[in-house]
Amino acid sequence: MTELEAGRAQALLPVRSGAALQRYRDVLIALIAFAVLASLPMFTGSEALLDFVIRCSAYGLFATSLNLLVGYTGLTSFGHGMFFGLGAYSFGLIMQKLGVPIPVAFVATLAITAVIAAVIGAICVRLKDIYFAFVTLAFQMLIHSTILSWASFTGGDQGLRGGIPRPVFLGIDLANHVHLYVASCALLILGLLAMRQIAQSPFGYTLRMIRDNAARASFLGIDVWRAKLTVFVLAALFASMGGMVMALFVSGAYPEFAYWTISGEGIFINMLGGVSTFLGPMVGTVLLLLLNDTVTRFTEYHGIVLGVVILFFALGLRKGLLDFVAEWYTHRRDAGEGR
Amino acid sequence: MTRTRTPGISRRSTLALMGAGAMSVAAPWVARAQAKTVKIGMPTILSGRVAQLGTSSRNAVMLEVDKVNAAGGLAGRQIEMVVRDSKGAPQEAARVARELVNTDGCELLLDGEASSGSFAVHEVARDLGVLCIHTNSEASSLTADPKQHIPNAFRCVRQGIHDSIVGGSYAAGIAKAKGLKKWATCSPDYAYGRDTTGEFTLYLKRFAPDVEVISESWPKLFQPDYTEVVTKILQAKPQALYSCLWGGDLTSYIDQANIYAMFAQMEVFAVNMADYTALTVVKNLPKGIHSGNRYIKTYPSTPENAAWGDAYKAKYNEYPTNWSWQNATAVMFLAEAAKKANSTDGKKIAEVLAGLTIKCPFGADGTVTMRGDDHTLVGYAIGWGTTIPQEPYVPEVKAGDWKTIFELEAEWKKSKGYT
């Protein structure tokens, strides 16, 4: 080992242990968050609150996975909702037609999503910016149209009817509302933790480099296309998980799940919560669902209210909520240190 | 300085005492009033493209609920409606329905959703066991398919298959009389359009075997431009045209086809024409379009129906829609069933509802029935007639025969593997 190499190794050590420390911290936070969420039914009998958290899980997984593309890689996908729909339909169809145990259907759905995402991604990630956005949108509409026209298999515009069967597995009965709630929380936390690991890994930093300067990354020997394709497939898997949670919640799958409006909501959530922090989309999800649920209670003109809110975020804060808070915090800390 | 305040009870404490007194007198009343009202939840579509229909559903429900409340309520309990928008999205419909029951304490559900939303609410009803009456979904499979059947859900809506049977036999009569052999179809490209058109031509050919469909067009739902479709049909030179376009699609289609004088060149059968939302919007309503009755206050031509249509118009300053009469009928069913059961308990009402026949302005013979074996509405006024450009728009309607409907419906169910 040359002197130079030895010096580099020494410099790397604290970085490595720092990364490990952060990983432990993330796992700890995840465990605490899960414990808090899972113990919620003991303190409250509010079914609506549990419903809310289940929906947050579905949308949260979906929106955070979209942020892996938008925020970390700079791939603005307009068609991410297709994987949400794909997850819901694959899971629902497998359960209805094959009657396999739920974990088998879960893994099979992920496998199907991975294959389809790899094919679609292989075509899309070669493109940049608006071309990427529109080709993903086109694929989404293709999947949506397929669901609509393949009525004998998918039920067409009426969706998967007759309910999704939920046989008990490992003592977990997803037909029971509390069991479904805890399972959704577990999926959400596991999904978030996995995505956090991806974002903080060297691969995650590669993605950021691609976002900031793809040409430089390429010159450094990174296979940009492969990295983009990998993150495209990974993001699709988590979106598909979100779709499965939603399918379990409504006990069905409907073509609206694969429509462009779902992708639009994903982008909207990311704008609300912010894309520069990992938990931004999660904050956005909670915000959007809270807004939606409270505003629709009082008026059918919710479109106006949501429009005003997004105008406020876009023109007023000029960033998502968590971005704003994070910046304000750094600003304050720096000012404090400067004194 | 002397104190101006006299000893004794101050103004503040007097007010407090009065308040407390009022509370203690009123509290039991308030409590009793709360226990007495029965909340009925209703998810429906109040925003977006079909908002007009959702609003007309809410209007009709409120019109009837006011009557029920004035007459003493549902088994003695005043009804409080909680109507909420689902935006036509099934996941929202499911959420809203669950919220209405779990959070708002609604004991019964009127499901004002169409197509996929109604199936989502159906699953909520299955899950929560709450009594649910579907009021807007015309998809036959919702009640015909035994997989969908649950004891606590009913459908108080006209059905695609009934319309097709009546339409097919009516059109066949005219086809035979006028020698219309070459037919074209033009319907929206989604399940409702495909199924209804398929069923219509099936029954048309059954009653008039020498009919031949020479051209089919499937414009997209909510398509703005129909030029291509219109010219395609004109080139095929059919003698008659069938269409199940509806609402804004139908009116744009007619306005655009008018430019090509299409209606002078062939007989047109548009099942969804005779609905005020279409009749009053078309710029030049051609004379002689054949249509099924959606809602029209002159059919059934009874004073009760005319009075109901006028009362609705007087209150909301517009005519009712097809969704209106269905929702009004659902409230009538609830009121009658609660009276018979002498209870607002969903289970007891459901037991009475199955097979219940009530007097109703929209019945073919003044009554409608909630059929016991598949929990769906039968016996409602159903018929076809031709349009004129001004009120009453469809002056004469030829009534469909329910005996024939029942026979062919049973056959259809068998062919679908439902029975």
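The values are calculated or read from the model by the stated rules, or taken from the named source; none is laboratory data. Remember, it's a predicted structure, so these values are computed and weren't measured experimentally. Neighbour counts run over all protein chains shown; Cβ positions are idealised from the backbone, glycine included.
Does the stretch A:263-279 contain at least one residue that is on the phi < 0 side of the Ramachandran plot, in contact with an Asp or Glu (Cβ under 7 Å, 6 or more places away or on another chain), surrounded by 19 or more Cβ atoms within 10 Å (Cβ to Cβ) and within 14 Å of chain B (Cβ to nearest Cβ)?
Scanning the stretch A:263-279 turns up no residue that is on the phi < 0 side of the Ramachandran plot, in contact with an Asp or Glu (Cβ under 7 Å, 6 or more places away or on another chain), surrounded by 19 or more Cβ atoms within 10 Å (Cβ to Cβ) and within 14 Å of chain B (Cβ to nearest Cβ).
Just one of (1) crowded, with 21+ Cβ neighbours inside 10 Å; (2) charged (D, E, K, R); (3) more than 30 Å from residue B:333 (Cα to Cα) trips up residue B:155, so point out which.
(3)
Please state which one of A:115, A:182, A:178, A:104 is more than 14 Å from every other protein chain (Cβ to nearest Cβ), in contact with a Pro (Cβ under 9 Å, 6 or more places away or on another chain) and either part of a helix (DSSP H, G or I) or aromatic (Phe, Trp, Tyr) (or both).
Working: A:115 fails: in contact with a Pro (Cβ under 9 Å, 6 or more places away or on another chain); A:178 fails: more than 14 Å from every other protein chain (Cβ to nearest Cβ); A:104 fails: in contact with a Pro (Cβ under 9 Å, 6 or more places away or on another chain).
Sole residue among the options that is more than 14 Å from every other protein chain (Cβ to nearest Cβ), in contact with a Pro (Cβ under 9 Å, 6 or more places away or on another chain) and either part of a helix (DSSP H, G or I) or aromatic (Phe, Trp, Tyr) (or both): A:182.
Which condition from (1) away from every other protein chain (no Cβ under 14 Å); (2) buried (at least 21 other Cβ atoms within 10 Å of the Cβ) is the one that residue A:164 breaks?
Residue A:164 satisfies all of (1) away from every other protein chain (no Cβ under 14 Å); (2) buried (at least 21 other Cβ atoms within 10 Å of the Cβ) except (1).
Considering the stretch B:97-120 alone, what residues qualify as being within 7 Å of another protein chain (Cβ to nearest Cβ) and assigned to a helix (DSSP H, G or I)?
Residues of the stretch B:97-120 within 7 Å of another protein chain (Cβ to nearest Cβ): B:98-99, B:102-103, B:115-116, B:119-120.
B:98, B:99, B:102, B:115, B:116, B:119, B:120 - these are the residues of the stretch B:97-120 that are within 7 Å of another protein chain (Cβ to nearest Cβ) and assigned to a helix (DSSP H, G or I).
Quick one: count up the residues across the stretch B:159-203 that are among the aromatic types (Phe, Trp, Tyr), more than 20 Å from the chain's Cα centre (by Cα) and within 14 Å of chain A (Cβ to nearest Cβ).
Pass one, the stretch B:159-203, residues among the aromatic types (Phe, Trp, Tyr): B:170, B:183, B:190, B:192, B:200, B:203.
Pick out the ones that are also more than 20 Å from the chain's Cα centre (by Cα) and you get B:170, B:183, B:200, B:203.
Narrowing the set further to residues that are within 14 Å of chain A (Cβ to nearest Cβ) leaves none.
Residues flagged as among the aromatic types (Phe, Trp, Tyr), more than 20 Å from the chain's Cα centre (by Cα) and within 14 Å of chain A (Cβ to nearest Cβ) within the stretch B:159-203 amount to 0.
Only one of A:306, A:288, A:322 is over 30 Å from residue B:45 (Cα atoms), part of a helix (DSSP H, G or I) and among the aliphatic types (A, V, I, L, M). Can you tell me which?
Numbers: A:306 fails: over 30 Å from residue B:45 (Cα atoms); A:288 fails: over 30 Å from residue B:45 (Cα atoms).
Only one candidate passes the filter, namely A:322.
Mind listing whichever residues of the stretch B:391-400 are touching a residue at least 12 places away in the same chain (Cβ under 8 Å) and on the phi < 0 side of the Ramachandran plot? Working first, answer last.
We begin by selecting, within the stretch B:391-400, every residue touching a residue at least 12 places away in the same chain (Cβ under 8 Å); these are B:392-395, B:397-400.
B:392, B:394, B:395, B:397, B:398, B:399, B:400 - these are the residues of the stretch B:391-400 that are touching a residue at least 12 places away in the same chain (Cβ under 8 Å) and on the phi < 0 side of the Ramachandran plot.
Determine whether residue A:161 is out of contact with any helix residue (DSSP H, G or I) (no Cβ under 6 Å at 6 or more places or on another chain), touching a residue at least 60 places away in the same chain (Cβ under 8 Å) and not in a helix (DSSP H, G or I). Let's see the steps before the verdict.
Values: out of contact with any helix residue (DSSP H, G or I) (no Cβ under 6 Å at 6 or more places or on another chain): no; touching a residue at least 60 places away in the same chain (Cβ under 8 Å): yes; not in a helix (DSSP H, G or I): yes.
Considered against the rule, which asks whether it is out of contact with any helix residue (DSSP H, G or I) (no Cβ under 6 Å at 6 or more places or on another chain), touching a residue at least 60 places away in the same chain (Cβ under 8 Å) and not in a helix (DSSP H, G or I), residue A:161 comes out as no.
So how many residues does the stretch B:336-379 have that are buried (at least 21 other Cβ atoms within 10 Å of the Cβ), closer than 15 Å to residue B:76 by Cα, aliphatic (A, V, I, L, M) and touching a residue at least 60 places away in the same chain (Cβ under 8 Å)?
Residues that pass the stated criteria total 2.
Of all residues in the stretch A:165-174, how many are under 17 Å from residue A:243 (Cα atoms) and aliphatic (A, V, I, L, M)? Walk me through how you get there before you give the answer.
To start, the set of residues in the stretch A:165-174 that are under 17 Å from residue A:243 (Cα atoms) comprises A:165-166, A:174.
From what's left, aliphatic (A, V, I, L, M): A:174.
Summing the residues that are under 17 Å from residue A:243 (Cα atoms) and aliphatic (A, V, I, L, M) in the stretch A:165-174 gives 1.
Can you name every residue in the stretch A:19-55 that is in contact (Cβ under 8 Å) with a residue 60 or more places away in the chain, within 14 Å of chain B (Cβ to nearest Cβ) and of a type outside the set (A, V, I, L, M, F, W, C)?
A:41, A:47, A:51, A:55
Are there any pairs, at least 6 apart or on different chains, whose C-beta atoms fall under 8 Å, with the first in the stretch A:286-304 and aromatic (Phe, Trp, Tyr) and the second surrounded by 15 or more Cβ atoms within 10 Å (Cβ to Cβ), and if so, which?
Qualifying pairs under 8 Å: A:301/B:47.
Would you point out which residue out of A:256, A:300 is within 10 Å of chain B (Cβ to nearest Cβ), crowded, with 19+ Cβ neighbours inside 10 Å and outside any helix (DSSP H, G or I)? Before you say what the answer is, go through the steps one by one.
Values: A:256 fails: outside any helix (DSSP H, G or I).
Just one listed residue meets the conditions, A:300.
Which of the numbered conditions does residue A:89 fail, given that it passes all the others? Conditions: (1) surrounded by fewer than 20 Cβ atoms within 10 Å (Cβ to Cβ); (2) more than 17 Å from the chain's Cα centre (by Cα); (3) not β-branched (Val, Ile, Thr).
(1)
Is it fair to say residue B:207 is within 14 Å of chain A (Cβ to nearest Cβ) and surrounded by fewer than 22 Cβ atoms within 10 Å (Cβ to Cβ)?
Values: within 14 Å of chain A (Cβ to nearest Cβ): no; surrounded by fewer than 22 Cβ atoms within 10 Å (Cβ to Cβ): yes.
No; evaluated as a whole, the condition is false for this residue.
Could you go through the stretch B:344-358 and let me know if any residue there is assigned to a strand (DSSP E or B) and more than 20 Å from residue B:44 (Cβ to Cβ). Talk me through it step by step, then tell me what you get.
So the first thing to find is which residues in the stretch B:344-358 are assigned to a strand (DSSP E or B), and the list is B:357-358.
Applying the additional criterion that residues be more than 20 Å from residue B:44 (Cβ to Cβ) yields B:357-358.
Among the residues of the stretch B:344-358, at least one is assigned to a strand (DSSP E or B) and more than 20 Å from residue B:44 (Cβ to Cβ), which makes the answer yes.
Can we say residue A:230 is of a type outside the set (D, E, K, R) and surrounded by fewer than 22 Cβ atoms within 10 Å (Cβ to Cβ)? Quick ask: steps written out before the conclusion?
Numbers: of a type outside the set (D, E, K, R): yes; surrounded by fewer than 22 Cβ atoms within 10 Å (Cβ to Cβ): yes.
So residue A:230 fits the description; yes.
Looking only at the stretch B:367-387, how many residues end up being polar (S, T, N, Q) and not in a strand (DSSP E or B)? Break it down stepwise before answering.
Taking the stretch B:367-387 as the starting set, the residues that turn out to be polar (S, T, N, Q) are B:367, B:369, B:376, B:386-387.
This time we only want the ones that are not in a strand (DSSP E or B), so: B:387.
Adding up the residues that qualify gives 1.
Are any residues in the stretch B:128-151 more than 14 Å from every other protein chain (Cβ to nearest Cβ) and part of a loop (DSSP other than H, G, I, E, B), and if so, which ones?
Passing the criteria: B:135, B:151.
Which condition number in (1) modelled with pLDDT under 90; (2) buried (at least 16 other Cβ atoms within 10 Å of the Cβ); (3) of a type outside the set (S, T, N, Q) is the one that residue B:29 fails?
Here residue B:29 clears every test but (2).
Can you tell which of B:274, B:236, B:270 is under 24 Å from residue B:195 (Cα atoms), under 23 Å from the mean Cα position of the chain (by Cα), modelled with pLDDT of 90 or more and of a type in the set (A, V, I, L, M)?
Values: B:274 fails: modelled with pLDDT of 90 or more; B:236 fails: under 23 Å from the mean Cα position of the chain (by Cα).
Result: B:270 is the single residue among B:274, B:236, B:270 that is under 24 Å from residue B:195 (Cα atoms), under 23 Å from the mean Cα position of the chain (by Cα), modelled with pLDDT of 90 or more and of a type in the set (A, V, I, L, M).
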